[in-house]
1. Put a dot 7 Å past each Cα toward the Cβ at residue 32 and residue 66; how far apart are the dots in nm?
2. May I ask you to derive the FRET efficiency for residue 45 and residue 25 from their Cβ-Cβ distance with R0 = 30 Å, giving the value to the nearest 0.05?
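None of the figures in this text is laboratory data; all of them are computed from the coordinates on show. Because the structure is a prediction, the values reported are computed rather than measured. All Cβ positions, even for glycine, are placed from backbone atoms using ideal geometry, and neighbour counts span all protein chains on display.
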Amino acid sequence: MSLHQGLTLTRDSDRAPVATSWLRALAARIAAWRTHARESQELAQMSDRELQDIGLTRLDAEAFARGRY
């Protein structure tokens with residue numbers, strides 16, 4: 001069963017269903033959050049040497065994990 005089956009959607013004029021666009025935005029945000037979490041974990045598991053090889057420091061990796069990079 002797909003995520004949107006069984007939902008009653010209302011249309012706002014000729015635009016796409018409001019609930020569908022909201023769900024798509026939510027799904028995109030969750031996907032971005034999961035990607036960021038996975039990448040942060042990968043950076044955290046790298047050695048200082050591996051980070052240096054890709055041009056980062058431990059502080060850069062920590063800043064990325066906090067969303068400040």
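1. Placing both labels 7 Å along Cα→Cβ, they lie 2.1 nm apart.
2. Details: r = 31 Å, r/R0 = 1.03.
For residue 45 and residue 25, the calculated efficiency is 0.45.
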